[in-house]
Number of protein chains: 2
Amino acid sequence: MGSSKKLDKDEGLRERKKRETLMRIAVAALKLFIQKGYDATTLDEIAAEAGIARRTFFYYFKSKEAILIAYLDNGLVRSVKPNLLAQPTDQTPVSAVHQSLEKFFGAKESKEAILVDKLFASTEAVRARMQSAYIEMEQAAFEALCEMYPKEPRESLRMVAMMSIGATRVAKEAWRKDGGTRPFADYLNETFALLNKAT
Amino acid sequence: MGSSKKLDKDEGLRERKKRETLMRIAVAALKLFIQKGYDATTLDEIAAEAGIARRTFFYYFKSKEAILIAYLDNGLVRSVKPNLLAQPTDQTPVSAVHQSLEKFFGAKESKEAILVDKLFASTEAVRARMQSAYIEMEQAAFEALCEMYPKEPRESLRMVAMMSIGATRVAKEAWRKDGGTRPFADYLNETFALLNKAT
DNA sequence: GAGATTATTACACTTAGTGCGATATTTTCT
DNA sequence: AGAAAATATCGCACTAAGTGTAATAATCTC
């Protein structure tokens, strides 16, 4: 009664190598991005650092930006929906989003996260993509909320998603401006508290 | 006691030509974008259509995307702050933003606006830029609100800006999904009404 | 091991964007 | 008006991202 393929343990040499190569490229790229900046890093350099041919890069990523998107996806964006769905529903939707985000960021306050964040904020094109990521998070949160609160009107939940993710974005902005001294959760608490009062 | 240069009326041949060329390029580009899509339109084609050399294009725009940004800037983004500042301050900040947006969109429900909107929503890269524009609008609204309500705490106003522009974005999303049948102002009213209830 | 997949590479090509310098046009000054 | 300064236009050569194609090498299936 295993999966449709073989056994779980059997990953296969091919798949393993592919995973490793993908990781090598991502790591090499991030290293160079942090070292010399996003724009100044060429695909040739990334390919050299990762030990692959230039053309092979495009077998793994559809563009240079896609590397960053992958980092975002693996980090926050991908986890928004599952994290949210794991929350109890005996609270307001806004509160549920707040709690789920708090948990996520409380666990992940690593140095790399800060480096990556600065990198993302550095270049024009990258910043634009960041904002796309927020839109995706909004969408993910909205979908989760619809499953969690089926009786609530969907337009309401759409707005909750917008406001919650917006609060996160504003919190991050403030946190970045302050140089990341105080823990991010503090900023999150402040912006979420303002959601009620502001109107 | 005129201006430091000459007389107001005297625009100068050079400036006039420059303005005209800029316009010719923008119009030519938009026409081609709508005709064949953003990605499929090359700078060579735009230059040909506008009757200039390829190199000259970059004298006027720093990139292909910059054309779209220019359209956005001239349309909404640029006008957010002045429009908002023109509102009376004997109402809540949220209401002020709402009113100012309603006026703007009430006046500008043209066919071209719809075409441009669809164009902007069509391509990946363009959509990302769109979202940057929303961020700029947020910033502009925030600045205006700070001038209008100096006694309010700035964090509050920051959140008001976020929520108001967010409401606009969600409204536009719904409006686009419905194919632009009902007037946009309706959607705007709905999302703004939900700002209070949603929390 | 033979044959089917799939990963890797090389090569040639298109397009966006930049640097630089030459030429044409407009403005300014006398 | 005409010389000189400023600026707009253009051509050319270059870099870098990204694509199409087809050949080769590695892995998987049997």
### Task
Among the residues of region B:14-37, count how many are of a type outside the set (V, I, T) and away from DNA strand D (no atom under 14 Å from the Cβ).
8
### Task
Could you tell me whether any residue of region B:155-166 is within 28 Å of B:K31 (Cα to Cα), in contact with an Asp or Glu (Cβ under 7 Å, 6 or more places away or on another chain) and not small (G, A, S)?
no
### Condition check for B:Y38: more than 14 Å from chain A (Cβ to nearest Cβ), of a type in the set (S, T, Y) and over 25 Å from B:R182 (Cα atoms)
yes
### Message
Contact list please: Cβ distance under 7 Å, first residue in region B:41-70 and under 22 Å from B:D117 (Cα atoms) and within 9 Å of DNA strand C (Cβ to nearest atom), second residue of a type in the set (F, W, Y) and part of a helix (DSSP H, G or I), pairs at least six apart or on different chains.
### Response
B:T41/B:F33; B:L43/B:F57; B:I46/B:F57
### Task
Need at least 2 residues that are surrounded by 15 or more Cβ atoms within 10 Å (Cβ to Cβ), touching a residue at least 12 places away in the same chain (Cβ under 8 Å) and among the acidic types (D, E) per element, so show me which helices (runs of 4 or more DSSP H) inside region B:113-199 make the cut, counting only ones lying wholly within it.
B:124-148
### Query
Pick from A:L188, A:L194, A:L157, A:L145: which is in contact with a helix residue (DSSP H, G or I) (Cβ under 7 Å, 6 or more places away or on another chain) and either over 20 Å from B:K197 (Cα atoms) or of a type outside the set (A, V, I, L, M, F, W, C) (or both)?
A:L188
### Query
Counting only residues that are within 13 Å of DNA strand C (Cβ to nearest atom) and of a type in the set (A, V, I, L, M, F, W, C), which one in region B:1-40 is modelled with the lowest pLDDT?
B:L7
### Summary
Filtering region B:152-199 down to residues that are among the β-branched types (V, I, T) and within 12 Å of another protein chain (Cβ to nearest Cβ) yields B:V160, B:I165, B:T168, B:V170, B:T191, B:T199
### Query
Residue check, B:S110 against (1) more than 16 Å from DNA strand C (Cβ to nearest atom); (2) of a type in the set (S, T, Y); (3) at pLDDT 95 or above, all met but one. Which one?
(3)
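Across region B:71-100, which residue is nearest to B:I46 (Cα to Cα) among those that are in a loop (DSSP other than H, G, I, E, B) and in contact (Cβ under 8 Å) with a residue 40 or more places away in the chain?
B:Q87
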### Task
Select from region A:47-70 the residues that are assigned to a helix (DSSP H, G or I), in contact with a helix residue (DSSP H, G or I) (Cβ under 7 Å, 6 or more places away or on another chain) and small (G, A, S) and list them in ascending order.
A:A47, A:A50, A:A70
### Task
Inspect all residues belonging to region B:62-71 and state whether any of them is away from chain A (no Cβ under 14 Å), crowded, with 19+ Cβ neighbours inside 10 Å, within 16 Å of DNA strand D (Cβ to nearest atom) and modelled with pLDDT of 90 or more.
yes
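Quick one: is A:N74 under 15 Å from the mean Cα position of the chain (by Cα) and over 26 Å from B:K197 (Cβ atoms)?
Numbers: under 15 Å from the mean Cα position of the chain (by Cα): yes; over 26 Å from B:K197 (Cβ atoms): yes.
Judged against the criteria, A:N74 is a match.
The values are calculated or read from the model by the stated rules, or taken from the named source; none is laboratory data. Only a predicted model underlies this, so the values are computations on that prediction, with no experimental measurement involved. Ideal geometry is used to build each Cβ from the backbone, glycine not excepted, and the neighbour counts take in all protein chains shown.
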